[in-house]
């Protein structure tokens, strides 16, 4: 299947992740020289082993696509720390930065996946703390929106077809994929495959997903009063 390429500009895009992630701040302070990463991967000893763990699968990110400095940790973490079980457009061998055009769509997507995980794990009632990131998105994305032939790629309970497309797109160094949200009928999402597509990443609100043991009943904004 062949799909059109569209210029996509979202100022901003929204991404929601559990507050315990990203587990690293290495990308905030590292020197911007790519040679530093090559040296890091060659070092030996306990300290360098820890740094290699923080850097994750940095070798999968092309040198020209690597980004460092303030604001880049949540972006680079998506490409260096990813579930080996895969996602809609990744077979688990590379990372993708998933985001949405609106915060409401990002909430709908993440609530679904959080409910599924908590239910399968048989977790007791608890508050799940989430962090919102806003990032400006600008790139030439494979466009699945309003494409009848894209429906097999957006099946709610199967990622197989989407992973095949995502793997091909990643190998061809595509910027990413834009598609209609599977959990929000009016929403749009993107799977960004290259860090340079994103910029000006900043932290947004903290949210609380109220898991009652069966479903997420409410979504709260969490604030610090004093």
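The values are calculated or read from the model by the stated rules, or taken from the named source; none is laboratory data. The model shown is predicted, which means the values in this text are computed figures rather than measured ones. Here the Cβ is made from the backbone with ideal geometry for all residues, glycine too, and neighbour counts use every protein chain on show.
Residue count for region 132-190, restricted to those that are within 24 Å of residue 18 (Cβ to Cβ) and assigned to a helix (DSSP H, G or I): 3. Can you find, within region 68-85, the residue that is nearest to residue 188 (Cα to Cα) among those that are crowded, with 18+ Cβ neighbours inside 10 Å and touching a helix residue (DSSP H, G or I) at 6+ places or on another chain (Cβ under 7 Å)? Looking at residues that are crowded, with 18+ Cβ neighbours inside 10 Å and touching a helix residue (DSSP H, G or I) at 6+ places or on another chain (Cβ under 7 Å), I get 75.
For region 95-131, the set of residues classified as surrounded by 16 or more Cβ atoms within 10 Å (Cβ to Cβ) and part of a strand (DSSP E or B) consists of 97, 98, 99, 100, 128, 130, 131, listed by residue number. The conditions of being surrounded by fewer than 21 Cβ atoms within 10 Å (Cβ to Cβ), in contact (Cβ under 8 Å) with a residue 12 or more places away in the chain, part of a loop (DSSP other than H, G, I, E, B) and at positive phi are not met by residue 92. Residue pairs whose Cβ atoms lie under 7 Å apart, separated by 6 or more positions or on different chains, with the first residue in region 204-217 and within 17 Å of residue 135 (Cα to Cα) and the second assigned to a loop (DSSP other than H, G, I, E, B), are 206/19.
Look through 204, 139 and report the one residue that is surrounded by 13 or more Cβ atoms within 10 Å (Cβ to Cβ), touching a helix residue (DSSP H, G or I) at 6+ places or on another chain (Cβ under 7 Å) and closer than 30 Å to residue 59 by Cα. Full working, then the answer.
On the way: 204 fails: touching a helix residue (DSSP H, G or I) at 6+ places or on another chain (Cβ under 7 Å).
Sole residue among the options that is surrounded by 13 or more Cβ atoms within 10 Å (Cβ to Cβ), touching a helix residue (DSSP H, G or I) at 6+ places or on another chain (Cβ under 7 Å) and closer than 30 Å to residue 59 by Cα: 139.
Return a yes/no flag: does region 18-25 have any residue that is within 30 Å of residue 148 (Cα to Cα), modelled with pLDDT of 55 or more and part of a strand (DSSP E or B). Within region 18-25, not a single residue is within 30 Å of residue 148 (Cα to Cα), modelled with pLDDT of 55 or more and part of a strand (DSSP E or B). Looking across 146, 221, 172, one residue alone is over 19 Å from the mean Cα position of the chain (by Cα), at positive phi and surrounded by fewer than 19 Cβ atoms within 10 Å (Cβ to Cβ). It is 146.
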